[in-house]
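Chemist: Below is the structure I would like to discuss, written out as structure tokens.
The values are calculated or read from the model by the stated rules, or taken from the named source; none is laboratory data. Remember, predicted model here, so these are calculated numbers, not experimental data. For neighbour counting, all protein chains shown are included, and Cβ atoms are generated from backbone atoms with ideal geometry for every residue, glycine included. Quick note on the areas: whole protein, heavy atoms, side chains included, nothing else; ligands and nucleic acids left out. Shrake-Rupley method; radii C 1.70, N 1.55, O 1.52, S 1.80 Å.
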Amino acid sequence: MARLPHRLIATALATASALTAAACSPGPAAPAAAGRTTITFWTMPFWIGRPDNLKHLVEDFNASQNRIDVQLTVLDWQTGREAIKKAVTNGQGPDLWLANNGLDLDLLTAGRMAPLDTLGYTAEDLGRFRPLVKVNEYQGRLYGAPLYFDVNVLLYRKDILQQYGFTAPPRTWEELKSTAAAITTRSAAAGKKVMGWQFKGMDDHLNAINPTWESFLCQAGGSLTSPDYRTSTQNTEAGRTALNYLKSFYTDRTSTLGTSALNGFVEGEVAMFSFYQSVISDIAAGNEKTKGKWAVAPMPTGPKSGCSMVGGHSLVARAGLPDPAAAGTFMRWFGSPSTSTRFMEFHGIFPYDTAKVPRETRAAVDAFYNTDPSWAPIMAQFDRSTPDLLLQDRHGFATRWEAQKSDIVAGVDGRTPVDQALRGIDGKVDRELGGG
């Protein structure tokens, strides 16, 4: 893949680990040089494969400034998001932080985030983003500047599919099931069983159950909430269709519990799984185990559509900053079109409309698209996306994601009847939404 010029840091992982360890207990920020405004920025190491690039980007910005000093704290993924929310809620958080696209509803309703138009973003600035920026909208204003988007896609082992007579990836739910079942059955008969499909979340990455399940629910025509966001709506015909479909993989033993989708895929023990496209960086790290042996396809379409969950990350700022212009200056620089091209190195989806960015930036984006065949199916899937599912997901988010990790798994593995599993999710989420 084409890469834009940047520093190659031999000790990137070691340095990032040290940053993360130091950030577990963030202390008081060091004072900025005289006459400079200090901006504190807390993030998780989202730059997959080159996490130390975050540190160097901030250093580059600081070196270019005579009045703004950004102080970076890198938190770990396991505790970082909750640490940020708790600190911001208590009025002790950073000036800027990394947020999931869709944003945290509790912080929005509490007025803890600053609208972008109060930070120096102009209508022209905001108009450059792709329409999916609406996922960061609240009461008609934008509160998060997207750095990149994620979208669920199908990852498949070309070599395994070809070995068992399949020349193309599955395009529908029916083809996904029949292809996976054939691979599992034929490989077992040959003496070396390969799992045709693994539902990511039914492996060692339980949190993955959420975007994976919500993608299949969407494809069945389901929703997470009612249009007014006050009622959870998973125990519907669409929800039962999606969960029964996923359960069928395990009932007929096409798939088995516990095998890692990602690790099994890299080792050639799993033929297909779906997840956010950024997992490509982990697959490519398999080197000779995976080189030239895998590919990406859009999600197989379900009864109603081929939609999938949207993810990714944005920059947000604390409301009531003494110098909002300084924070906005860094945000517009760090999340600028030219910088955002660099996030494409780990397959982050470019958040801007390429028709509205400078010519040289558009050329850099096109270079990524033209030199890596995985971009075409990624963008085909992205074009199926709407903000609706992510806007629903912000309502009752934490409760829903915890409920799905237990109830969807129980429904898939047969410990709980499908309708009971879905009722369990609805009941728990309804109590938070006020609809039950």
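Chemist: Once you wrap a convex hull around the alpha carbon atoms of the chain, what is its projected area averaged over all directions, in nm²?
Modeler: 21.0 nm²
Chemist: How long are the three semi-axes of the equivalent ellipsoid of segment 260-385, in whole Å, if each is the root of 5 times an eigenvalue of the C-alpha gyration tensor, listed from largest down?
Modeler: Ellipsoid semi-axes (Å, largest first): 31, 17, 17.
Chemist: For segment 217-282 and segment 395-414, what is the centre-to-centre distance using only Cα atoms, to the nearest Å?
Modeler: 12 Å
Chemist: Ignoring ligands, DNA and RNA, what percent of the accessible area of segment 329-436 is carbon or sulfur (1.4 Å)?
Modeler: Result for segment 329-436: 50 percent of the exposed heavy-atom area is carbon or sulfur.
Chemist: How large is the accessible surface per residue of the chain, computed with a 1.4 Å probe and reported in Å² as a whole number?
Modeler: Each residue of the chain exposes 41 Å² on average to a 1.4 Å probe.
Chemist: Sorted by average packing, counted as other Cβ atoms within 10 angstrom per residue and highest first, what order do 391-400, 317-326 take?
Modeler: 391-400, 317-326
Chemist: Same structure, new question: Which percent of the accessible area of segment 206-323 is formed by carbon and sulfur heavy atoms (probe 1.4 angstrom)?
Modeler: 50 percent
Chemist: Another question, then. Give me the number: length gained by fully extending Ala380 to Ser281, i.e. 0.36 nm times residue separation minus the C-alpha to C-alpha distance, one decimal in nm.
Modeler: Length difference between fully extended and current span is 33.7 nm.
Chemist: Compute the distance from the alpha-carbon center of segment 163-192 to that of segment 43-104, in whole Å.
Modeler: Here the answer is 43 Å between Cα centres.
Chemist: If packing is taken as the average count of other Cβ atoms within 10 Å, what order do 120-133, 256-269 fall into, highest mean first?
Modeler: Peptide ranking by packing, descending: 256-269, 120-133.
Chemist: Taking the Cα centre of segment 313-436 as the origin and placing charges on Cβ (Lys, Arg +1; Asp, Glu -1), which of Ala317, Pro373, Tyr352 is farthest toward the positive end of the dipole?
Modeler: Ala317
Chemist: Given +1 on the Cβ of Lys and Arg, -1 on the Cβ of Asp and Glu, and no further charges, what dipole in debye does segment 201-285 carry about its Cα centre, rounded to the nearest 20?
Modeler: 300 debye
Chemist: Still on this structure, I have one more. Explain nothing, just the number: dipole magnitude of the chain about its Cα centre with +1 on each Lys and Arg Cβ and -1 on each Asp and Glu Cβ, in debye rounded to the nearest 20.
Modeler: 440 debye
Chemist: Let me ask you something else. Among 187-197, 242-252, 420-430, how do they line up from the highest to the lowest mean number of other beta-carbon atoms within 10 Å?
Modeler: Averaged packing, sorted descending, gives the order 420-430, 242-252, 187-197.
Chemist: Follow-up. Counting only protein heavy atoms and a 1.4 Å probe, tell me what percentage of segment 128-203's accessible area is made up of carbon and sulfur.
Modeler: In segment 128-203, the share of accessible area belonging to carbon and sulfur is 49 percent.
Chemist: Let me ask something else. If contacts are Cα pairs under 8 angstrom and at least 6 residues apart, what is the relative contact order of the chain in percent?
Modeler: Reported relative contact order: 24 percent.
Chemist: Starting from the Cα of Lys291, draw a straight line to each of the lysines and keep only those under 22 Å, dropping any in the same chain fewer than 8 residues away.
Modeler: Cross-link targets: Lys158, Lys192, Lys193, Lys200.
Chemist: Using the charge dipole of segment 279-333 (Lys, Arg: +1 at Cβ; Asp, Glu: -1 at Cβ; taken about the Cα centre), state which of Thr329, Thr290, Pro300 has its Cα farthest towards the positive end.
Modeler: Of Thr329, Thr290, Pro300, it is Pro300.
Chemist: Still on this model: Kirkwood hydrodynamic radius, segment 109-181, all distinct C-alpha pairs: what's the number in Å?
Modeler: 16.2 Å
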